[in-house]
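Here is the structure we will look at, set down as structure tokens.
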Amino acid sequence: NTIVVGPLQEGNSSTAINNTDNAVIVDAGTASSSGAAYVFRKDGSGNWIQDAYLKASNAGEFDFFGKSVAISGNTIVVGAIEEDSSATVIDNTDNAPLTDEDTAPASGAAYVLKKDDSGNWIQDAYLKASNAGSGGSFGISVSVSNDAIVVGAYTESSSSTAINNVDNATIVDEGPAYGSGAVYVFKKDATGNWLQDAYLKASNAGADDLFGSSVAISGNTIVVGAYQEDNGSTDINNTDNASITDAGTASQSGVVYVFKKDDSGNWIQDAYLKASNAGTDDEFGWSVAISGTIVVVGAFLEDNSPTAVNNADNATIVDEGTATNSGAAYIFTLK
């Protein structure tokens with residue numbers, strides 16, 4: 001019964017959260033594109049009302065707070081892809097008065113909001129990448145499921161192809177693979193503080209793949225899109241931690257990676273998903289969603305002209321290419 005909406009170019013310079021129902025917000029308009037998030041809920045009669053107005057406690061011009069939003073229960077996550085602080089630590093202080101240093105342009109940040117005992121939304125945590133660097137765009141995508149948060153940084157530049165499962169690991173950015181992208185997983189510890197649980201990279205990470213452009217989590221499964229990946233493969237690889245070879249024969253065809261927790265609680269690559277009609281510039285992985293064992297992937301520039309749904313398992317789709325950028329969605333399930 002709760003909805004979160006992020007207008008990333010809202011220009012109010014306020015750094016305060018307003019929890020008054022249906023509050024009339026005065027827009028000072030002095031911080032262009034600082035961004036905001038609005039929370040709506042159903043009242044007792046089933047009508048939607050504005051529940052809260054959220055701002056970053058270090059709101060700054062062109063931070064784009066609200067570029068991505070996610071909610072699970074009483075936890076909201078908001079991404080600010082152009083936030084400029086060079087901090088690499090997580091601040092778990094409630095309503096912390098953050099200072100925006102402006103020393104790492106577009107490094108990005110994510111803000112966690114929670115409900116307090118009185119039912120008001122407050123800032124619970126301020127998340128940064130442990131290897132935060134200029135242009136990383138941390139916060140381009142966010143997702144939350146119970147006590148786990150996933151944040152994408154699609155222009156992160158490390159050439160690493162390894163997953164790091166060490167809690168609060170200090171990641172060294174090996175570079176140079178600009179736009180290879182990375183995904184960061186956060187979890188709550190026993191005291192209720194958020195910490196970095198894992199650092200995910202694609203097993204075939206390459207420059208400009210934009211891994212992390214879309215993310216989704218459900219329970220112990222994470223899905224990550226890399227819509228500019230170039231592999232011409234049309235196969236699904238279900239081998240755990242498979243070493244993928246990128247043939248590079250279908251520019252920006254796109255791909256989706258599935259990660260799961262193993263028996264020791266570590267995140268590993270579970271599957272590598274490609275469209276059965278993968279084609280150049282389809283951008284498969286532009287959007288992803290997951291619920292239980294069902295994964296949905298959007299390819300918004302796919303060119304096929306059919307208007308029918310194909311329900312055949314593992315169907316070989318013939319791409320006629322006669323409806324440029326009409327788009328498609330693919331549904332995957334565990335068998």
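The values are calculated or read from the model by the stated rules, or taken from the named source; none is laboratory data. Every value quoted in this text rests on a predicted model; they were computed, and no experiment measured them. Positions of Cβ are generated from backbone atoms using ideal geometry, with glycine treated the same way; all protein chains shown enter the neighbour counts. The protein model used for the area step is the full one, side chains on, heavy atoms only, and it has no ligands, DNA or RNA in it. Shrake-Rupley method; radii C 1.70, N 1.55, O 1.52, S 1.80 Å.
Inside the range 28-57, can you point out the residues that are touching a Lys or Arg at 6+ places or on another chain (Cβ under 7 Å) and either among the aliphatic types (A, V, I, L, M) or in contact (Cβ under 8 Å) with a residue 60 or more places away in the chain (or both)?
Across the range 28-57, the qualifying residues are ALA36, ILE49, ASP51.
Only one of (1) open to solvent by 70 Å² or more (accessible area, probe 1.4 Å); (2) farther than 25 Å from GLY108 by Cβ fails for ASP27. Which number is that?
Exception for ASP27: condition (2).
Scan the range 52-82 for residues that are in a strand (DSSP E or B) and more than 18 Å from the chain's Cα centre (by Cα) and jot them down.
ALA52, TYR53, LEU54, listed by residue number.
Could you say which residue among ALA104, ALA109, ALA148 is among the hydrophobic types (A, V, I, L, M, F, W, C) and closer than 20 Å to PHE259 by Cβ?
Result: ALA148 is the single residue among ALA104, ALA109, ALA148 that is among the hydrophobic types (A, V, I, L, M, F, W, C) and closer than 20 Å to PHE259 by Cβ.
Per-residue answers, yes or no, for (1) touching a Leu at 6+ places or on another chain (Cβ under 8 Å); (2) open to solvent by 50 Å² or more (accessible area, probe 1.4 Å); (3) at pLDDT 95 or above:
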| position | (1), (2), (3) |
| --- | --- |
| ASP246 | no, yes, no |
| TRP267 | yes, no, yes |
| ALA271 | no, no, yes |
| GLY279 | no, no, no |
| SER291 | no, yes, yes |
| ILE294 | no, yes, yes |
| PHE300 | no, yes, yes |
| ASP303 | no, no, no |
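Yes or no, residue by residue, for (1) touching a Ser or Thr at 6+ places or on another chain (Cβ under 7 Å); (2) over 19 Å from TYR184 (Cα atoms):
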{"residue": "VAL258", "(1), (2)": "yes, no"}
{"residue": "LYS261", "(1), (2)": "no, no"}
{"residue": "GLY265", "(1), (2)": "no, no"}
{"residue": "LYS274", "(1), (2)": "yes, yes"}
{"residue": "ASP281", "(1), (2)": "yes, yes"}
{"residue": "PHE284", "(1), (2)": "yes, yes"}
{"residue": "SER287", "(1), (2)": "yes, no"}
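Just checking, which of ILE171, ILE163, ILE140 is aliphatic (A, V, I, L, M) and at pLDDT below 95?
ILE171
Of the conditions (1) under 16 Å from GLY219 (Cα atoms); (2) open to solvent by 10 Å² or more (accessible area, probe 1.4 Å); (3) not in a loop (DSSP other than H, G, I, E, B), ASP263 satisfies every one except a single condition; which number is it?
(3)
Quick one: what pairs do we get from the range 11-27, first residue assigned to a strand (DSSP E or B), second at pLDDT 95 or above and among the hydrophobic types (A, V, I, L, M, F, W, C), C-beta under 9 Å, 6+ apart or different chains?
Within 9 Å, the pairs are ASN18/ALA52; ASN18/LEU54.
Which members of the range 101-159 meet the condition of being open to solvent by 30 Å² or more (accessible area, probe 1.4 Å) and under 11 Å from VAL183 (Cα atoms)?
Once the filter is applied, which keeps residues that are open to solvent by 30 Å² or more (accessible area, probe 1.4 Å) and under 11 Å from VAL183 (Cα atoms), the range 101-159 yields only TYR154.
Give the residue, chosen from ASN22, ASN18, that is modelled with pLDDT of 95 or more, farther than 26 Å from SER107 by Cα, in contact with a strand residue (DSSP E or B) (Cβ under 8 Å, 6 or more places away or on another chain) and open to solvent by less than 50 Å² (accessible area, probe 1.4 Å).
It is ASN18.
Regarding the range 83-92, can at least one residue be identified that is touching a strand residue (DSSP E or B) at 6+ places or on another chain (Cβ under 6 Å) and either assigned to a strand (DSSP E or B) or open to solvent by less than 10 Å² (accessible area, probe 1.4 Å) (or both)?
Among the residues of the range 83-92, at least one is touching a strand residue (DSSP E or B) at 6+ places or on another chain (Cβ under 6 Å) and either assigned to a strand (DSSP E or B) or open to solvent by less than 10 Å² (accessible area, probe 1.4 Å) (or both), which makes the answer yes.
Which of the residues spanning the range 33-51 are assigned to a loop (DSSP other than H, G, I, E, B) and surrounded by 12 or more Cβ atoms within 10 Å (Cβ to Cβ)?
SER33, SER34, ALA36, ASP43
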